[in-house]
Amino acid sequence: MTSSAPPSRPPRAELHVHLEGTLEPELAFELAARNGVRLPYDGPDALRAAYDFADLGSFLELYTANMAVLRTAADFADLTRAYLRRAARAGVRHAEITVDPQAHLARGVPLEDVVDGVAEVLARSEPDHGISTLLVAAFHRDEPAAGALEVLDRLLAMDAPIVGIGLDNAETGYPPGLFTDLYARAEAAGLRRTAHAGEEGPASNVRDALDLLHAERIDHGIAVVQDPDLLARVAAEQVPFTVCPVSNVRLRAVPSLAEHPLPAMMAAGMLVSVHSDDPPYFDAYVDDVDDAVTAAFGHTRDQRAALAAASFRGSFLPPDRAAAHL
Ligand code: HPA
Ligand code: ZN
């Protein structure tokens, strides 16, 4: 999708974006050359052409394979800078960026290099890009919880500049209840808590993320519409849901944008905002997602403004700083 910024685009926050999922094919090849890593594609166009996914699993396979090019703190800094440049053009004023430490530790990249590379760029995101930023460390649902706990303890010990934790990767077969200790540790340490739930899995995963993990925010959560009681509850409690409609279509969680449950979530009075997830993989940064949603549902200016306002309300910013954006 192309992205020109119409003047009417309201300022917004990006709350659901995976740093590793912002790796553009061109940067992937640049980093591969720098690090002597071979990517099994003839070039960026051939890699981009492979971005045709059958489901979450087939996406995660390619997304994880591409991380092989990320080796040094400088690589993580370059990746973060490239994302912020593009996000600024999308009208993003505040970004809560998720990073997956386990994905890099598994490849032998020191945790300090990941955190330092990202943090160095985020520390200057306001003066350099006009975007305030917060960093979320997400853990892999499809790996043992004990390993996640160990990584969280290391992040806390090194005083990593993270605002909170998340939970991502494969959902089917890995219910939230496996991670109660991890979330309890995070809560005790004063960290904010979000979790992917109800993306490819059932509504019960959303309920369990709230009740067992004390998640304050839900990433995706589209299965909530299958459970009327839960839908009424999350609307009453104004639990923020970061929904990624283009991602859901590209990973075939829903057949088409027209059939996406976003309108039902909005009609139920939920605090829902729309986000990008992994922009180059789904050919849509958050401005493209906004435009696709507007076109699919015929949203009015007021509805666009409501979604943009919800993106700040659902953020982990202190309430006065979130309100300053409204
Ligand atoms: N779901 C789960 N894990 C992920 C996703 C997603 O949409 N994107 C990157 N990691
Ligand atoms: Zn995600």
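Each value in this text was obtained by applying a stated rule to the coordinates, not by laboratory testing. It should be emphasised that the depicted structure is a prediction, and the values quoted were computed from it without experimental measurement. Ideal geometry is used to build each Cβ from the backbone, glycine not excepted, and the neighbour counts take in all protein chains shown.
Scanning the range 250-279 for residues that are of a type outside the set (Val, Ile, Thr) and within 13 Å of the chain's Cα centre (by Cα) turns up 273, 275, 276, 277, 278, 279.
Taking the criterion of being free of Cβ contacts under 8 Å to residues at least 24 places away in the same chain and either in contact with a helix residue (DSSP H, G or I) (Cβ under 7 Å, 6 or more places away or on another chain) or within 16 Å of ligand 2 (Cβ to nearest atom) (or both), the residues of the range 52-61 that qualify are 58, 61. Out of 254, 293, one residue alone is surrounded by 21 or more Cβ atoms within 10 Å (Cβ to Cβ) and in contact (Cβ under 8 Å) with a residue 24 or more places away in the chain. It is 293. Comparison of 206, 225 shows that the only residue that is within 16 Å of ligand 1 (Cβ to nearest atom), out of contact with any Asp or Glu (no Cβ under 6 Å at 6 or more places or on another chain) and within 29 Å of residue 302 (Cα to Cα) is 206.
Inside the range 63-85, can you point out the residues that are touching a residue at least 60 places away in the same chain (Cβ under 8 Å) and among the hydrophobic types (A, V, I, L, M, F, W, C)?
Taking the range 63-85 first, the residues touching a residue at least 60 places away in the same chain (Cβ under 8 Å) are 63, 79-80, 82-83.
79, 82, listed by residue number.
Of everything listed in (1) touching a Lys or Arg at 6+ places or on another chain (Cβ under 6 Å); (2) among the charged types (D, E, K, R); (3) within 13 Å of ligand 2 (Cβ to nearest atom), the single unmet condition for residue 216 is (3). Just so you know, in the range 86-115 the residues that are touching a residue at least 60 places away in the same chain (Cβ under 8 Å) and within 19 Å of residue 156 (Cα to Cα) include one that is nearest to ligand 2 (Cβ to nearest atom), and it is 98.
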